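Here's the structure, in structure tokens; my notes come after.
The values are calculated or read from the model by the stated rules, or taken from the named source; none is laboratory data. Computed from a prediction, not measured in an experiment: that's the story for all the values here. Here Cβ is always computed from backbone atoms with ideal geometry, including for glycine, and neighbour counts include all displayed protein chains. Accessible surface is based on the protein model in full, side chains and every heavy atom, while ligands, DNA and RNA are left aside. Shrake-Rupley method; radii C 1.70, N 1.55, O 1.52, S 1.80 Å.
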Amino acid sequence: MSDERETVPLSAVAPEVAQAAEPVLGARPLEVPLLVLADTRRSAAVLALAPPEGVLPDYEALGPLASTASLASTETGFLQDSPPVFRFDGPLGLIADVCRVAGAEIVRHDRDAFRSWFKTQAGRFPPVAELWREARRLSPDDLEALLVPLIYLNHMWRQGNPEDEPVVGPSAMPEPLHELLVLVADEVGAVPRFSQIVMTMMAWQLDGVAEREPVTYRELVSLDRMRHPFWLNNDNQSELDLYRSFYAVEAFGAPLYGWGAYALECAANDDQAGGTLALTMVRATLRNVYTYTKMLIPRIDAHQFRRLQVTFGWVGDEVNGVASGYQLPFMLMLDALFHVNYRHDGVVAARANNLRFVPEHWKSYFRMIYNRQPALKSWVHESGNEDLAAAYVGCVELFGLFRQMHRHLGGQVIKGGTTTGRIFADAKDNYEKFMAEMGALVADTNATGDLATPVLPDSPAAAASRGERR
């Protein structure tokens with residue numbers, strides 16, 4: 001067990017959640033205790049779509065807590081136990097170096113000059129056979145890490161100048177980088193395009209943490225120490241705030257998985273006191289995520305955000321890349337735990353498109369959380385316990401408020417620009433559709449707080465969009 005104060009035995013967890021003594025980015029977060037996950041996670045894979053060893057575990061048989069422990073860490077949740085390492089020996093090490101320098105080159109906003117520079121850099125590499133021979137020697141985790149700068153380079157090559165209109169259709173980097181990208185992506189079993197999982201789950205580092213050194217939750221949430229290993233606009237504070245706003249969701253969200261799973265275990269055993277405690281901790285976790293996303297989103301320059309979105313988008317590509325919060329485990333867990341059923345056709349389609357980038361074992365786990373009986377809402381309603389009901393409704397109200405905040409602030413940022421991987425008639429059409437979709441999602445989330453309304457399954461289309469197999 002960690003020596004960190006947040007990790008305590010369940011019997012010692014108090015229902016009151018105090019503020020942390022030390023501020024993070026000027027605010028004092030709630031000091032949410034971590035529910036210890038006793039088992040060791042089976043795989044730290046983040047980008048691989050196929051389950052470890054090619055077999056989906058029977059999460060229904062394992063149950064919520066054992067399943068959670070097989071996928072997540074007590075200290076870091078679905079994030080890796082230590083920051084990804086992008087330093088490799090031999091010619092592979094040059095890939096990350098070139099990617100870092102590219103962020104300073106692309107901000108010159110000269111597409112032809114950038115591509116000329118890029119071709120020169122590509123010419124420094126040995127043939128792909130040699131690169132691939134070296135790559136095959138890497139561990140699965142390191143091979144996933146190698147894919148990250150290749151994906152970033154692929155995007156920068158394709159766009160050339162983030163100030164230009166979005167580039168459409170497929171594109172290929174100069175060899176040997178393009179072929180190496182394809183080979184590595186195929187070996188990892190991942191889509192070789194930019195996604196929120198690449199940006200948030202795989203591209204983070206912490207000042208003061210040595211390579212391959214396990215991180216604690218307290219270190220994970222030190223947002224002032226978080227930096228991004230690769231830039232699309234070198235040393236731009238707005239870009240860093242964008243990365244931090246998404247990273248904060250998974251960093252501060254780490255306690256959610258254990259406490260959410262424990263709430264379902266309590267429902268199965270009719271442990272109303274334990275369920276109240278679990279939901280109190282879920283709400284405190286949500287409060288931290290809400291606090292820091294609300295703080296960071298207004299710091300993101302709208303023009304800078306739209307430039308990043310243009311660079312990230314693969315409009316018209318056969319494997320259209322998307323970078324949406326629908327892919328983040330934190331949002332998938334909350335939707336599954338509280339039975340949020342999507343009704344808006346645009347939201348359903350967006351989630352289905354995004355979940356193509358989510359590992360199958362993650363989706364299977366969240367299907368189990370969604371389908372677990374008794375459903376959390378039904379159990380809370382039938383219990384007649386006022387404290388339990390208040391804890392549940394408090395979570396839903398804050399979840400809805402979080403999505404309302406995202407709708408308002410996100411809408412202000414995307415005005416006049418494009419959202420990732422989506423095709424719109426014009427900027428006005430983009431904004432109106434975003435606001436309509438997010439408004440429907442807020443309503444769907446708030447609806448789960450009506451305890452008297454029975455829990456109903458998703459529509460077939462909505463169920464399919466969250467990975468349900470029927």
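Some notes on this structure:
- Calculated FRET efficiency for the pair Asp450/Ala210, C-beta based, R₀ 41 Å, to 0.05: 0.25
- Lys119 accessible area, assembled protein chains, probe 1.4 Å, Å²: 120
- Region 16-140: C-alpha pair distances exceeding 27 Å, %: 51
- Portion, in percent, of the accessible area of region 49-158 that falls on carbon or sulfur, probe 1.4 Å: 50
- Sparse-neighbour loop sites [trypsin sites (Lys or Arg not before Pro); region 200-234; at most 13 other C-beta within 10 Å; DSSP]: Arg212
- Extension gain from Ala21 to Asp110, taking 0.36 nm per residue of separation minus the Cα-Cα distance: 27.3 nm
- Helix 272-296 and the longest principal axis of the C-alpha atoms of the chain enclose an angle of approximately 30°.
- Inter-label distance, nm, simple model (7 Å from Cα along the C-beta direction), Arg343/Ala273: 4.0
- Label sites at Arg87 and Asp186, each approximated as a point 7 angstrom past Cα along Cα to Cβ, lie 3.2 nm apart.
- Helix 302-312 and the longest principal axis of the Cα set of the chain meet at an angle near 70°.
- Here, region 182-222 is characterised by an Rg to Rh ratio of 1.10, where Rg is the alpha-carbon radius of gyration and Rh the Kirkwood radius.
- Between 0 and 90°, nearest 10: helix 140-159 axis offset from the chain longest Cα axis: 60
- With a simple spin-label model that places each label point 7 Å from the Cα along the Cα-to-Cβ direction, the separation between Asp58 and Ala443 comes to 4.2 nm.
- Average accessible surface for the chain: 39 Å² per residue, computed with a 1.4 Å probe over protein heavy atoms with every protein chain in place.
- Average projection area in nm² (convex hull over Cα atoms of the chain, one quarter of hull surface): 20.7
- When the residues Asp89, Asp224, Asp241 are ordered by accessible surface, computed with a 1.4 Å probe over the protein chains alone, the sequence from largest down reads Asp89, Asp224, Asp241.
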